[in-house]
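Right, one structure below, let's go through it.
Nothing in this text is a laboratory measurement; each read-out follows from the coordinates by a stated rule. The structure presented is a predicted model; accordingly, all values stated were derived computationally and were not measured. As a convention, Cβ positions derive from the backbone with ideal geometry for all residues, glycine included, and neighbour counts pool all protein chains shown.
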Amino acid sequence: MCSRMKRMKGSEEVSSSSSRSPPETCKKVRKQICEAAVSTDLSERDWASLPQELLLHILQYLPLLDRAYASQVCRQWNQAFHMPELWRCFEFELNQPASSYLKATHPDLIKQIIKRHSNHLQYVSFKVDSSTESAEAACDILSQLVNCSLKTLGLISTARPSFMEVPKSHFISALTVVFVNSKSLSSLKIDDTPVDDPSLKVLVANNSDTLKLLKMSSCPHVSPAGILCVADQCHGLRELALNYHLLSDELLLALSSEKHVHLEHLRIDVVSENPGQHFHTIKKSSWDAMVRHSPKFNLVMYFFLYEDEFGPFFNEEIPVTHLYFGRSVSKEVLGRVGLHCPRLVELVVCANGLRPLDEELIRIAKHCTQLSAIGLGECEVSCSAFVEFVKMCGRRLSQLSIMEEVLIPDHKYSLDEIHWEVSKHLGRVWFPDMMPTW
């Protein structure tokens with residue numbers, strides 16, 4: 001009787017299921033599979049036997065501390081914790097607990113990395129606080145990476161440039177270990193460090209075929225000849241960041257040679273250490289050669305000068321695309337910018353003074369036809385001139401960050417009216433900023 005009832009029930013299920021649409025049938029099958037999985041005795045599941053590919057994929061999403069906890073579950077998970085794929089990218093965070101709020105990489109973990117994973121590391125950065133002890137600890141770690149083959153290396157000081165406080169010989173010795181043993185460095189960020197010309201020669205001798213990015217602003221021990229050596233030998237260099245005192249006509253011509261790839265990004269920091277500092281001039285012909293060779297390259301310039309130090313700049317056409325003035329800049333200099341920067345895409349003026357920039361803004365709108373972003377801080381512009389500027393630039397202004405106190409009401413527009421007029425020409429709603437956004 002029971003078997004007959006089962007057969008009848010089964011036939012009913014078959015007949016009813018056959019009348020359902022295919023999606024409903026699939027849903028029922030999936031539900032049956034899930035119920036079977038749930039009903040399986042938990043003792044039959046072996047979480048330790050997950051395929052390593054799946055386990056690796058899961059661990060890649062976990063923070064380092066959670067990975068460490070997971071490695072204590074079983075032997076296989078501990079083995080997965082040490083898989084080379086998980087140690088290709090690592091950031092060492094070094095700080096002194098008494099003087100920093102940053103979380104530091106545990107010393108025991110550092111020892112384990114050096115012992116078991118130094119040959120797996122490929123993308124490495126060091127983030128240190130303002131203490132000399134932390135910078136020296138970073139140098140100690142670098143000097144032990146004798147089996148590494150790094151592709152990227154970044155030395156980052158979160159506060160003041162603490163690497164500059166490390167004895168130069170200690171820093172150079174540690175950096176040389178990486179330069180000699182890697183032989184495949186493609187990206188190097190060593191801003192605010194005591195790197196020097198001889199160490200750059202070691203870098204070139206071992207990594208000239210692979211180096212593509214070099215950032216080394218505020219490196220006082222490097223000379224124009226030292227950076228020229230890099231440009232002459234590293235023909236694959238695409239991005240370069242340095243201080244203006246290292247820029248020369250010879251460097252631009254080397255970057256423009258037929259052997260060199262097209263440069264994509266050149267950042268120049270123009271910084272005055274003392275009031276009245278003298279700055280050299282770069283020939284227009286050198287810039288022209290650079291543009292002919294790399295017509296799409298971005299030239300980013302940051303100026304931190306006093307007003308009387310701008311004499312050598314913007315007297316001739318310069319291919320700057322992104323221009324930032326961190327200190328007060330005169331009306332005269334901004335007028336020259338409007339005449340001689342036809343490739344300008346972004347302009348930020350943090351301070352100017354109490355003389356309105358009406359004429360200068362109109363000139364920039366007229367001659368800088370690629371301008372798409374502008375930020376104005378402590379300066380003054382009449383509301384009428386600002387509206388005219390926006391009208392001339394039109395909807396290509398994707399970023400318009402203007403402090404409210406910059407705009408001076410006049411006979412045409414008040415502060416309550418100007419945002420409507422500007423919004424009309426931009427094609428989107430716009431209001432002045434209450435705080436700087438750059």
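What is the distance in Å between the Cα centres of the range 273-298 and the range 136-166? Centre-to-centre distance over Cα atoms comes out at 31 Å. Measuring between alpha carbons in the structure, the pairs from Lys215/Lys366; Lys127/Lys296; Lys259/Lys284; Lys296/Lys424 lying more than 26 angstrom apart are Lys215/Lys366; Lys127/Lys296; Lys296/Lys424.
How much FRET efficiency would the formula 1/(1 + (r/R0)^6) give for Asn147 and His262, where r is the Cβ-Cβ distance and R0 is 35 Å, rounded to 0.05? It comes to 0.50. Axis angle, to the nearest 10 degrees, between helix 22-39 and the longest C-alpha principal axis of the chain: 70 degrees. In plain terms, the bigger the Kirkwood radius, the slower the diffusion; for the range 335-438, with that radius from Cα pairs, at 20 °C and 1.002 mPa s, Stokes-Einstein puts D at 159 µm²/s. Inter-part distance, the range 203-241 to the range 377-438, computed on C-alpha centroids, equals 42 Å. For the chain, the 222 nm mean residue ellipticity estimated from helices alone, with every DSSP H stretch of n ≥ 4 adding -39500 (n - 2.57) and the total spread over all residues, rounds to -12000 deg cm²/dmol. Scanning residues 5 or more positions from Gly154 or on other chains, those with amide H under 5 Å from its amide H are Val124, Ser125, Phe126, Lys189, with H placed 1.01 Å from N in the peptide plane.
Helix 383-393 and the long axis of the chain differ in direction by around 60°, with both axes built from C-alpha atoms.
The angle between the Cα long axis of helix 331-340 and the longest principal axis of the Cα atoms of the chain comes to about 70 degrees, rounded to the nearest 10. What net charge do the residues around Val222 carry, taking every other residue with its C-beta under 10 Å from that of Val222, with Lys and Arg at +1 and Asp and Glu at -1? So the environment of Val222 carries a net charge of -2.
When you count the other C-beta atoms within 10 angstrom of each residue and take the mean per peptide, 191-199, 104-112 line up highest first as 191-199, 104-112. Remark: C-alpha extents of the range 201-273 on the principal axes read 35, 23, 18 Å, sorted largest to smallest.
Here, the chain has an Rg and a Dmax of 30.7, 108 Å when only alpha carbons are counted.
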